[in-house]
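Notes to accompany the following structure.
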Amino acid sequence: GDSVTQTEGLVTLTKGLPVMLNCTYQTTYSPFLFWYVQHLNEAPKLLLKSSTDNKRTEHQGFYATLHKSSSSFHLQKSSVQLSDSALYFCALSDGNNRIFFGDGTQLVVKP
Amino acid sequence: AQTIHQWPVAEIKAVGSPLSLGCTIKGKSSPNLYWYWQATGGTLQQLFYSITVGQVESVVQLNLSASRPKDDQFILSTEKLLLSHSGFYLCAWSLDWGNYAEQFFGPGTRLTVL
């Protein structure tokens, strides 16, 4: 069945360093991938989305490229800030109103 | 502008007691509506979705039920709570059917079952 895998449960970085959060997926449908960010005690909010192969999508300094050949949609940022500390979810839509979320990666940015 | 409201904000209930959580969307007609459950610090599990009044699809079986009595209202309920029902319940809506459907989440209801 459809699924999303995020390999890192926790990523701890110093402010100003680059980050990559991994996301791979499995689906028999044409993939629609999302990254959501959830700050402490808040609801998740959409960060990025894509369904186009090999096209980079960017928002708020974060970027990701959907690679259908490797079933990946890794999230990156060139320089993390303290305010980027949050829980990040990769999600997959099967195109029929079913959404599958990964386990999430907790990003902690230290001064 | 669309707004999403969930009630109650938090609830503490006893095992075996009934539960009803609500969600209302304002400013958008005929939205797709969703219920999610999130364990503390955990992933989001989609529970139900609805594309129209009176029609609800179940995604996972967790001894919960959902109903959509009005276009802008989505209700999550159970007659008998389990300890495993504790967590954060999020209602969400989307503009589009199926594909590329960005989820707009409500503020959530934190449920503690004792």
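The values are calculated or read from the model by the stated rules, or taken from the named source; none is laboratory data. Please read all numbers here as calculations on a predicted model, not as lab measurements. Counting neighbours? That spans all protein chains shown, and the Cβs are built from the backbone with ideal geometry, glycine included. Ligands, DNA and RNA are stripped out before the accessible areas are found, and what is left, the full protein with its side chains, is counted by its heavy atoms. Shrake-Rupley method; radii C 1.70, N 1.55, O 1.52, S 1.80 Å.
What is the interface area between chains A and B, defined as buried accessible area summed over both chains with a 1.4 Å probe, reported in Å² to the nearest 100?
Values: alone 6220 and 6200 Å², together 10450 Å².
Chain pair A/B: roughly 2000 Å² of buried accessible area.
Largest first, the residues B:Lys28, B:Lys80, A:Lys110 sort by 1.4 Å accessible area into B:Lys80, A:Lys110, B:Lys28. To the nearest 10 square angstrom, what accessible area does B:Arg110 show with a 1.4 Å probe? It works out to around 90 Å². Percent of accessible area on chain B owned by carbon and sulfur, 1.4 Å probe? Percent of accessible area from carbon and sulfur atoms in chain B: 55. Placing dummy labels 7 Å off each Cα toward the beta-carbon, the span from A:Glu58 to A:Leu10 is 3.3 nm.
Expressed as a whole percent, the accessible surface of chain A that belongs to carbon and sulfur atoms is 49, based on a 1.4 Å probe. Between the stretch A:40-81 and the stretch B:12-67, what is the separation of their alpha carbon centroids in Å? With the stretch A:40-81 and the stretch B:12-67 each reduced to a Cα centre, they are spaced 27 Å. Within the stretch B:2-43, the residues that become at least 50 Å² less accessible when every protein chain is included than when their own chain is isolated (1.4 Å probe; DNA, RNA and ligands ignored) are B:Thr43.
The orientation-averaged shadow of the Cα convex hull for the stretch A:35-111, equal to a quarter of the hull surface, comes to 5.7 nm². Using a probe of 1.4 angstrom and keeping all protein chains present, the accessible surface of chain B works out to 46 square angstrom per residue.
Can you check what the net charge comes to around A:Glu58, using other residues whose Cβ is under 14 Å from the Cβ of A:Glu58 (Lys, Arg +1; Asp, Glu -1)?
Result for the local shell: +4.
Each principal axis of the stretch B:3-113 carries a Cα extent, and these read 37, 28, 24 Å when sorted largest first.
With all pairs of different C-alpha atoms in the average, the Kirkwood value for the hydrodynamic radius of the protein assembly as shown is 18.1 Å.
Under the criterion of Cα pairs below 8 Å and six or more residues apart, the relative contact order for chain B equals 35 percent.
In terms of Cα to Cα distance under 28 Å, which lysines are near enough to A:Lys45, apart from those fewer than 8 places away along the same chain? List returned: A:Lys15, A:Lys55, A:Lys68, A:Lys77, A:Lys110, B:Lys26, B:Lys28, B:Lys70.
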